[in-house]
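Heads up: the structure comes next, in structure tokens.
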Amino acid sequence: MRAGTPHDQHRTPTRRTRVHVVSDVHGNTEALARAGDGADALICLGDLVLFLDYADHSRGIFPELFGVANADRIVELRTARRFDEARAFGRSLWAGLDRDAAILSAVRNQYAEMFAVLPTPTYATYGNVDVPTLWPEYANSGTTVLDGERVEIGGRVFGFVGGGLRTPMNTPYEISDEEYAAKVEALGPVDVLCSHIPPEVPELTYDTVARRFERGSRALLDAIHRTRPRYAIFGHVHQPLVRRMRIGATECVNVGHFASSGRPWALEW
């Protein structure tokens, strides 16, 4: 039937669903408070914590504890991939201090601010710099935390896989390839595959500013080939070579470095 007929004029329009997606929040509480505006739900793909801002070395837990000059130095060493020297330098700064207590106290302060501004409903999973054991203390009833689990939003099935794979950076929530693959396998077929890290595709894992490949997941890539979700959405790589590409039937989307952009990515159907 053609548009504009009397029958069409009396039909009740099908309500559309709009979801906003963010990743790599890294302490941008102000923008996070607005991220769900106009959406039916917010999805957060992790990395709420800001340990050290590589673009502004004055921001984050590290410079708060040790000053900007030391932050400059640690970034210089890490960017040059001199990880052994970076670890040795870090150990010298932490000598005589209770590292775990200091970091957890700072992380708690950041989580208290950020979880308080999350809208209802929010669906969230962990990033590699997050501390999963703390999330139950701050996630309220409007925030559903998922890791290796699925949920239905607006009639579509979303699967969530949190954390990252092991790297020389040794961030708080890095796990083995086997453990990560088990979480991907547990999801089964989904319409939207949500993860913090990207699938293992060079164009999606290369950071053009850091000039290095971040670790992507072979298990995610295999699941995309095998189950053909409509979308695979992720973050982690702040300045990717390619932000969006198709793998077969699946649209792969890096939803962006929310800490710098302050803009959520929108998915509507």
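Odds and ends about this structure:
- Unit charges on C-beta of K, R, D, E only; dipole of the range 151-269, Debye: 340
- Accessible area per residue for the chain, computed on protein heavy atoms with a 1.4 Å probe, is 48 Å².
- Helix 83-94 and the longest principal axis of the C-alpha atoms of the chain enclose an angle of approximately 70°.
- Surface share of carbon and sulfur [accessible, 1.4 angstrom probe, percent] for the range 61-220: 50
- Against the chain, whose longest principal axis is taken from its Cα atoms, helix 177-187 shows a tilt of about 20°.
- Two-site label geometry, THR167 and ARG263: point separation in nm, points 7 Å out along Cα→Cβ: 2.5
- Compared with the dominant Cα axis of the chain, that is its longest principal axis, helix 99-117 is turned about 30°.
- Antiparallel bridges, percent of DSSP beta bridges restricted to the chain (to nearest 5): 40
- Placing unit charges on the Cβ atoms only, positive for Lys and Arg and negative for Asp and Glu, gives the chain a dipole magnitude near 820 debye about its Cα centre.
- For the range 125-269, projected area of the alpha-carbon convex hull averaged over all directions, nm²: 8.8
- When its C-alpha radius of gyration is set against 2.2 N^0.38 Å (N residues), the chain gives a value of 1.07.
- SER92 sits with roughly 70 Å² accessible to a 1.4 Å probe, with DNA, RNA and ligands left out of the calculation.
- When the charge dipole of the chain is built from unit charges on Cβ atoms (+1 for Lys and Arg, -1 for Asp and Glu) and taken about the Cα centre, the candidate among VAL107, ALA86, VAL49 whose Cα reaches farthest toward its positive end is VAL49.
The values are calculated or read from the model by the stated rules, or taken from the named source; none is laboratory data. Computed from a prediction, not measured in an experiment: that's the story for all the values here. Cβ sites come from the backbone with ideal geometry, for glycine too, and all protein chains shown count toward neighbours. What goes into the accessible areas is simple: the full protein's heavy atoms, side chains included, and nothing from ligands, DNA or RNA. Shrake-Rupley method; radii C 1.70, N 1.55, O 1.52, S 1.80 Å.
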